[in-house]
Every structure is written in C-alpha cells, then in structure tokens.
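Since the structure comes first, as structure tokens, the remarks are kept for the end.
The values are calculated or read from the model by the stated rules, or taken from the named source; none is laboratory data. None of these values were measured; they are calculated from a predicted model. Glycine also receives a Cβ, built like all others from the backbone with ideal geometry; neighbour counts cover every protein chain displayed.
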Amino acid sequence: MSEAPSYGFDTLQIHAGAKPDPATGARQTPIYQTTAYVFRDADHAAALFNLQEVGFIYSRLTNPTVAVLQERIATLEGGVGAVCCSSGHAAQIMALFPLMGPGCNVVASTRLYGGTVTQFSQTIKRFGWSAKFVDFDDPEAVAAAIDDDTRAVFGESVANPGGYVTDIRSIADVADAAGVPLIIDNTSATPYLCNPIAHGATLVVHSTTKYLTGNGTVTGGVIVDSGTFDWSANDKFPSLSQPEPAYHGLKFHETFGGLAFTFHGIAIGLRDLGMTMNPQAAHYTLMGIETLSLRMERHCENAKTVAAWLEQDPRVDYVTYAGLPSSPYHDRAKEQYPKGTGGLFTFAVKGGYDACVKLVNSLEIFSHVANLGDTRSLIIHSASTTHRQLTPEQQEAAGAGANVVRVSIGIENADDLIADLDQALSKASS
C-alpha cells in the first residue's frame with residue numbers, strides 16, 4: 001500500500017503489505033507452503049545471493065506469507081522493516097545478535113517477563129554476553145549502569161506480569177546520550193495502544209503469539225526496525241558498520257542505510273540462527289491482526305472493569321492495573337497510552353500463596369495457562385511458574401511475589417468474569 005501513511009490503523013491492520021495473489025487473484029494472502037523458489041535464470045539467482053536484488057531464495061530466509069506479515073507489523077509500529085521469527089524469545093536473541101559480542105552487556109529493566117530474565121541472566125552468558133538489571137523508574141540509574149561495553153538497553157512497554165508502565169521517552173533519551181539503541185518489548189501494549197518508535201525506541205520486539213495473533217494457536221516473534229539509528233556513528237556495532245566477510249566485504253549500514261538492521265536480520269540472523277517463522281503461523285497471525293483494534297478495545301474495557309471491582313474487594317490486598325486512578329503509573333499511562341493500558345495486570349490475594357492456589361484451582365471461566373493476550377481470560381501464579389527460576393528478590397522486583405496472581409483479561413462478558421472471580425475468591429478465603 002503505497003499510501004500507507006494516510007490510512008488509519010483499522011484499515012492498515014487489514015490491508016498493509018497485502019495484495020491480491022498475482023497468479024490466482026485470491027484476495028486473502030495464501031499460505032506459501034514451500035521450501036524454495038524457482039529463479040528466473042542464473043543471473044537472477046546470483047543477484048539474490050549477493051543481496052543485489054530483493055526476492056525469495058529459501059524459506060529459512062524469506063517466504064511470501066511471512067513477508068506480508070513483516071510489512072504489516074512494520075507499518076503498524078511505524079518502522080521501516082521487520083523480521084519475523086519463531087517465537088518472542090527468538091526475537092529477543094535476534095535483536096541482540098547483530099549488536100553484541102563477547103564481553104558486551106545489555107542494560108535491562110528489573111520488571112520483565114520471568115523467561116526473559118532467565119534468558120538474559122543465564123542463557124546469554126554462553127555467548128559471552130551479560131545483562132545488568134536496573135529499575136527503569138530511575139533513568140539516572142539506567143544511565144549509571146551503561147558502560148563502554150553496553151550495546152543495548154532493553155525494557156517492556158507494559159511490563160509482564162505487573163503492568164508497570166515504562167517511560168519510554170526518558171529511557172530513550174538515556175540510551176541516545178550513550179550512543180546505544182533502546183529495544184522495547186511491546187507485546188503487552190501492541191501497536192494499537194503504543195508505538196515505542198514514536199517515543200524514541202530503536203527496535204521493537206513482540207511475541208506475536210500473544211495479542212497480535214490473539215487466539216492462542218501459534219507461536220511467533222518479530223523485530224521491528226525504526227530505521228533511525230546511526231550504526232556507523234561509533235565502532236560499537238561492527239556487524240552493521242564494518243565489512244561482512246560472508247558477503248565479500250559488504251557493509252550493511254553503508255549499503256542499506258535505514259534498512260541495515262532488517263537486512264542483517266534476514267541475511268545473517270535467519271540464515272545462520274535459523275529461528276524461522278513458518279508460513280502457517282504467519283497466516284494465523286495475519287488473521288489475528290485484522291481484528292486487533294477491536295479486540296484491544298474490549299480487552300482494555302474489560303480489564304478496567306474487572307480491576308476496579310477487584311480493587312474494592314476486601315479479599316484482595318492490591319491491584320496493579322495502570323488504568324486505575326490509584327496506580328502510580330496512571331498519569332504516565334494516560335499520556336503514553338491514550339487508548340488504554342491493555343488487559344494484563346496482577347493482584348495480591350489475602351492469605352498468600354495458599355489462597356492463590358485455591359483461587360486458581362477454583363476458577364471456571366478463566367483458563368490456568370502460561371500465556372497471555374488470548375481472547376479467553378487467563379490466570380497464572382507467576383512466582384511458581386513463569387518466574388519460578390528467579391530469586392525471591394527478583395520475583396518481588398518483577399511484581400511476581402508469592403501472594404500475587406497474573407490475569408490476562410479476555411473479551412468475554414465482564415460480569416461473567418467478575419462472578420467467576422467472586423466465587424473463586426470466596427473459596428480461597430474459606
């Protein structure tokens with residue numbers, strides 16, 4: 001869609017990146033279930049392999065169905081390009097891959113999904129990378145944590161599980177001053193509620209498994225490139241600014257400009273790491289995105305209603321939803337997310353861990369699963385599941401204490417959700 005900037009979000013979520021199939025006229029994007037693509041001739045094949053022409057070689061790298069999804073998400077996020085991959089965790093590694101090297105570190109928020117904390121604090125050590133965890137409510141602490149070996153700053157727009165709201169602009173200013181990119185995980189907010197790039201983020205990652213797909217059917221991830229970072233401003237990012245031996249000395253930033261990160265993510269990241277999204281997963285995610293704005297409006301409406309009810313219930317200690325006036329993040333959320341703050345939050349149950357277990361086991365509509373962003377309402381006790389690998393101190397910092405449960409509010413009838421929580425809280429407090 002050449003006129004994409006003039007269209008509204010509701011239009012772009014349906015049309016961006018998609019055209020009728022040239023061979024059949026099919027209006028819906030086909031699932032291109034193929035491993036490889038026929039070249040026009042030998043010169044065409046050579047041009048593709050030399051990155052002199054854009055096209056399709058092999059589905060580990062590029063696939064027409066996935067390409068439509070990449071363009072659609074990039075458009076909705078306000079980026080110049082995107083790289084889809086197999087999961088949200090894959091997206092995080094692929095976002096860091098061109099930036100990091102042995103001895104380098106990433107400065108990350110203390111308020112992250114537990115799996116991300118484990119990935120950053122344990123797994124990336126095997127690459128010779130490290131992470132420093134800092135309270136993003138204190139930009140000065142973030143600035144102090146950045147050193148000569150820092151290659152990125154990483155946070156979540158709306159943190160999982162607690163729903164804490166990151167002041168993206170303040171953290172972006174800190175990262176800019178240090179000459180490093182800010183990576184924001186926008187999974188919980190989605191581009192409908194927040195565009196981190198508009199607030200200064202360099203890269204945006206998603207677990208497309210969650211709200212973008214919206215129905216709990218397939219896993220996937222994506223990295224969106226803002227196209228605004230100067231990868232050649234210093235010597236910190238040689239993978240993007242210096243000659244690439246695998247392409248006979250090609251310099252990605254010099255050759256591709258604002259699309260340097262995107263091209264590197266496909267030509268090097270997907271080629272060598274192989275964290276590829278399959279075309280059927282891309283198809284399901286495209287279907288989900290077509291109704292993203294409608295679903296997010298209902299998620300936000302229901303979450304605010306349920307959170308307000310929980311807040312006044314004497315069986316509940318506190319609720320973390322930023323859409324409530326009592327939240328310390330309420331004013332920031334109104335400014336950064338004028339359409340709402342999503343469907344994810346936590347609440348603390350009086351009676352501690354035992355009461356949380358009774359609550360989770362007594363619910364009938366809520367599903368007890370390790371997921372979020374579904375049309376269905378979901379619940380989990382984070383400290384014993386998604387954040388189990390963390391220390392008690394890390395759990396508290398992330399908002400996942402032993403007395404806390406996380407809910408992802410779906411699009412069911414809000415009164416039914418409240419009734420389900422009411423009966424389960426009664427059993428939990430008995």
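Annotations
- When we screen Asp225, Asp272 for residues that are acidic (Asp, Glu) and either surrounded by 21 or more Cβ atoms within 10 Å (Cβ to Cβ) or within 26 Å of Gly410 (Cβ to Cβ) (or both), the only hit is Asp225.
- Subset of region 406-424 [in contact (Cβ under 8 Å) with a residue 24 or more places away in the chain, of a type outside the set (D, E, K, R) and either part of a loop (DSSP other than H, G, I, E, B) or surrounded by fewer than 24 Cβ atoms within 10 Å (Cβ to Cβ) (or both)]: Ile409, Gly410, Ile411, Ala414, Leu417, Ile418, Gln423, Ala424
- Screening Asn195, Asn215 for residues that are over 13 Å from the mean Cα position of the chain (by Cα) and either within 19 Å of Ser293 (Cβ to Cβ) or surrounded by 24 or more Cβ atoms within 10 Å (Cβ to Cβ) (or both) leaves exactly one candidate, Asn215.
- Region 327-367 - residue that is of a type in the set (Val, Ile, Thr) and within 22 Å of Tyr113 (Cα to Cα) and, of those, surrounded by the fewest Cβ atoms within 10 Å (Cβ to Cβ): Val357
- In region 172-196, the residues that are outside the structural domain of Lys339 (by TED's automatic domain parsing) reach residues that are outside any helix (DSSP H, G or I) and of a type in the set (Asp, Glu) with C-beta atoms within less than 8 angstrom, at least six apart or across chains, in these pairs: Ile184/Glu156; Asp185/Glu156; Asn186/Glu156; Thr187/Glu156; Ser188/Glu156.
- Identification of strands (runs of 3 or more DSSP E) wholly contained in region 60-157 with 2 or more residues that are farther than 30 Å from Gln33 by Cα yields 105-109, 130-134, 150-156.
- Hey, Ala370 without any contact (Cβ under 8 Å) to a residue 40 or more places away in the chain, within 30 Å of Glu71 (Cα to Cα) and either buried (at least 20 other Cβ atoms within 10 Å of the Cβ) or in contact with a strand residue (DSSP E or B) (Cβ under 7 Å, 6 or more places away or on another chain) (or both) or not: yes
- For Pro314, the stated conditions hold: it is more than 22 Å from the chain's Cα centre (by Cα) and assigned to a loop (DSSP other than H, G, I, E, B).
- Filter result for Gly101 (closer than 28 Å to Ile124 by Cβ, modelled with pLDDT of 95 or more and surrounded by fewer than 20 Cβ atoms within 10 Å (Cβ to Cβ)): yes
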